[in-house]
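**Student:** Let me begin by handing over the structure; questions about it come next.
The values are calculated or read from the model by the stated rules, or taken from the named source; none is laboratory data. What you see is a predicted model; the values in this text were computed from it and never measured. We place every Cβ from the backbone using ideal geometry, glycine too, and count neighbours over all the protein chains shown. Ligands, DNA and RNA are stripped out before the accessible areas are found, and what is left, the full protein with its side chains, is counted by its heavy atoms. Shrake-Rupley method; radii C 1.70, N 1.55, O 1.52, S 1.80 Å.
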Amino acid sequence: MLEKHKLTEQFYIKGKVDSVSAVNTKLIKNHILSNFMLANRYDDPQYWYMKEYVKVPYHQHIQWTQDWLRDHYRLEHGQTLVPTPIDSIRGIIQQTGEQVNTHHNVKDWHLAESPEVTCLYTVSTGPKKSEIVFEYDDGRNKHRRWSVPLEQDQFILFSSNTSFYITKNENKDFLVNLSLQFQLI
Amino acid sequence: MAHFAKLGVNGKVIAVHGLDNDQMLNADGQEDESVGQQRLQQIHGWPAQMWIKTSYNTRNNTYYNADGSEGDQSKKLRGNYAGIGYTYDEDNNMFFTKQPYASWTKNTSTASWDSPITYPSVTDDGQDPVVFTYTISWNETGYQADNSKGWEATKSNDSSDPKTIHDWNGSAWISR
């Protein structure tokens, strides 16, 4: 008998919120952009990468997105996604020519408020697709990369400790992503 | 407090939410499921027809009082109190647990699943005091290979390794 036990895993899950849901990504996009115009960028000297994110306050359609993810993740995987105590809702805006540099979302000196699962929800993209590129080690296969194109209205859930970057926005319009941070219970 | 099951697009229950009874009163002051569904759509952005009222006190198509005794059966609703992963059977207007095995069929009288072979009537050695009980389980693979078999058991006092398996033949346990 060979009993295999998985000690850890890094994953990503991609999908779309059901069309019957009232979630409207245009409203979410406008909400994120309006906060971007207010220069609501994070600024945390301990975690440089927070500058990649825009503060986004509550919005009903973001709440409905969180609800959808929570309900369906729980049904499929038996654990509940709960928003992190702080900074659980963020925006990522890439202007033309901008990229998001490599980072992960676990704050090494603030583990209690760090996420376990991150969601990247693409609420506005142009015809030229950017990609999220995950960087990970797999045993002795070091420095591996896996890229996933960012599609309109598609979400990607992934392990928050996985480093990633987002390639350059080559469109005239902004690339707008909603970033949601969750813990698991 | 009323409870509503939130259905996913495949008919599976993805959540159960509570709603104050005064949130589901119609113009005549009567509780109306459709009013509750509309209210939940407003709150959660999920279509009204995908919220189905469920009864906390109903299970196996029987209504129970808070103390566990059987209550007024006119109050039973939709077979079972819905849970995450249950399926809403629109034709029978009932919630069912997940089908345990492919060969088991719905019983709409009890809002549960029936095995193709009746559960064994012998569950212990019949002595007083009981010396051993049978640890009984369903073997779907065995049933698919031979439709006369399905229930199998081991004796609780069997210290052999592996334990001797017994098959139920409809009236007695037969050692394999």
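**Student:** Provide the per-residue ³J(HN,Hα) series for the stretch B:113-119, in order, calculated from phi with Karplus coefficients 6.51, -1.76, 1.60 and θ = phi - 60°, each as a whole number of Hz, with x at glycine and proline positions.
**Tutor:** My calculation for the stretch B:113-119 gives 9, 9, 6, x, 10, 4, 4 Hz in order.
**Student:** Any idea which of A:Tyr165, A:Leu178, A:Leu2 is furthest toward the positive side of the dipole for the protein assembly as shown, if Lys and Arg beta-carbons carry +1 and Asp and Glu beta-carbons -1?
**Tutor:** Of the listed residues, the answer is A:Tyr165.
**Student:** If you only keep lysine pairs separated by 8 or more in sequence, or across chains, how many in chain B come under 17 Å at the Cα atoms?
**Tutor:** 9
**Student:** Right, another one. If a/c stays under 1.5 just call it rounded; otherwise compare a/b with b/c (prolate if a/b is bigger, oblate if not). Do that for the stretch A:54-157, with a ≥ b ≥ c from the square roots of the Cα gyration tensor eigenvalues.
**Tutor:** Since a/c stays below 1.5, the shape of the stretch A:54-157 is classed as rounded.
**Student:** Right, something else. Which values of log₁₀ I(q)/I(0), to two decimal places, follow from the Debye formula for the protein assembly as shown at q = 0.06, 0.11, 0.13 Å⁻¹ with a uniform point scatterer at every Cα?
**Tutor:** Log-scaled intensity ratios, in q order: -0.36, -0.94, -1.08.
**Student:** Sticking with this structure for a sec: Short version: ³J(HN,Hα) in whole Hz for each residue of the stretch B:127-134, in order, from phi by Karplus 6.51 cos²θ - 1.76 cosθ + 1.60 (θ = phi - 60°), x for Gly and Pro, what are they?
**Tutor:** 8, 10, x, 5, 8, 8, 10, 8
**Student:** Against the longest alpha carbon principal axis of chain A, how many degrees, from 0 to 90 and to the nearest 10, is the axis of helix A:60-77 turned?
**Tutor:** Orientation of helix A:60-77: about 20 degrees from the principal axis.
**Student:** Let me check against my output: what whole-number percent is the relative contact order of the stretch B:1-153, with C-alpha pairs under 8 Å and at least 6 apart?
**Tutor:** Relative contact order for the stretch B:1-153 comes out at 16 percent.
**Student:** In terms of modelled amide H atoms, which long-range or inter-chain residues lie less than 5 Å from the amide H of A:Glu131?
**Tutor:** A:Leu150, A:Thr167
**Student:** If you don't mind, another one. Mind jotting down the distance between the C-alpha centroids of the stretch B:43-69 and the stretch A:168-183, whole Å?
**Tutor:** 40
**Student:** Could you work out how far the C-alpha centroid of the stretch A:15-38 sits from that of the stretch A:91-109, in angstrom?
**Tutor:** Centre-to-centre distance over Cα atoms comes out at 19 Å.
**Student:** Amide H to amide H, which residues 5 or more places from B:Ala82 or on other chains are under 5 Å from it, using H placed in the peptide plane?
**Tutor:** B:Ser55
**Student:** About the Cα centre, and with charges only on the beta carbon of Lys, Arg (+1) and Asp, Glu (-1), how big is the dipole of the stretch B:1-123? Nearest 20 debye, please.
**Tutor:** Numbers: 10 positive and 13 negative charges, 100 e Å.
So the magnitude is around 480 debye.
**Student:** Report which residues of the stretch A:18-40 become buried by 10 Å² or more of accessible surface when going from the isolated chain to the complete set of protein chains (1.4 Å probe; DNA, RNA and ligands ignored).
**Tutor:** Relative to the lone chain, where solvent access is computed with a 1.4 Å probe, the stretch A:18-40 loses at least 10 Å² at A:Asp18, A:Val20, A:Ser21, A:Ala22.
**Student:** Show me you know the interface measure: the accessible area buried between B and A, both chains summed, probe 1.4 Å, in Å² to the nearest 100. Please report the intermediate quantities before stating the final value.
**Tutor:** Values: alone 10420 and 10580 Å², together 19930 Å².
Approximately 1100 Å², summed over both chains.
**Student:** Additional query: In the stretch B:1-21, which residues become less accessible by 50 Å² or more once every protein chain is in place, relative to the chain on its own, using a 1.4 Å probe?
**Tutor:** Those residues are B:Ile14.
**Student:** Quick check for you: with a 1.4 Å probe and neighbouring chains kept, what is the accessible area per residue of the stretch A:21-162, in Å²?
**Tutor:** Working: 6980 Å² over 142 residues.
The answer is 49 Å² per residue.
**Student:** Taking the Cα centre of the stretch A:72-142 as origin, work out the dipole magnitude from +1 charges on Lys and Arg Cβ and -1 charges on Asp and Glu Cβ, in debye rounded to 20. Let's see the in-between values first.
**Tutor:** Working: 7 positive and 10 negative charges, 41 e Å.
In debye, rounded to 20, the stretch A:72-142 gives about 200.
**Student:** Given H placed 1.01 Å from N in the peptide plane, which residues other than close sequence neighbours of A:Val17 have an amide H under 5 Å from its amide H?
**Tutor:** A:Phe155
**Student:** Of all the stretches in chain A, which is the longest one without any exposed loop site, taking trypsin sites (Lys or Arg not before Pro) in a DSSP loop (any state but H, G, I, E, B) with at most 12 other Cβ atoms within 10 Å?
**Tutor:** Values: sites that count: A:Lys4, A:Lys6, A:Lys128, A:Arg140, A:Lys172.
Free of exposed loop sites, the longest segment is A:7-127.
**Student:** So, with +1 on the Cβ of K and R and -1 on the Cβ of D and E, and no other charges, what is the size of the charge dipole of the stretch B:1-62 about its Cα centre, to the nearest 20 debye? Write out the running numbers ahead of the final one.
**Tutor:** Details: 5 positive and 6 negative charges, 87 e Å.
The calculation lands at about 420 debye.
**Student:** Please report the carbon-and-sulfur percent of the accessible area for the protein assembly as shown; probe 1.4 Å, protein heavy atoms only, DNA, RNA and ligands left out. Mind dumping the intermediate values first?
**Tutor:** On the way: 9350 of 19930 Å².
With neighbouring chains kept in place, the figure for the protein assembly as shown is 47 percent.
**Student:** With every protein chain kept in place and ligands, DNA and RNA left out, what is the accessible area per residue of chain B? Probe 1.4 Å, answer in Å². All intermediate terms of the calculation are to be shown ahead of the outcome.
**Tutor:** On the way: 9890 Å² over 176 residues.
It amounts to 56 Å² per residue over chain B.
**Student:** Moving to a separate point now. A drop of at least 10 square angstrom in accessible area, chain alone versus all protein chains together, probe 1.4 Å. Which residues of the stretch A:54-99 meet that?
**Tutor:** Going by heavy-atom accessible area, the residues of the stretch A:54-99 that drop by at least 10 Å² are A:Gln60, A:Trp64, A:Asp67, A:Trp68, A:Arg70, A:Asp71, A:His72, A:Arg74, A:Leu75.
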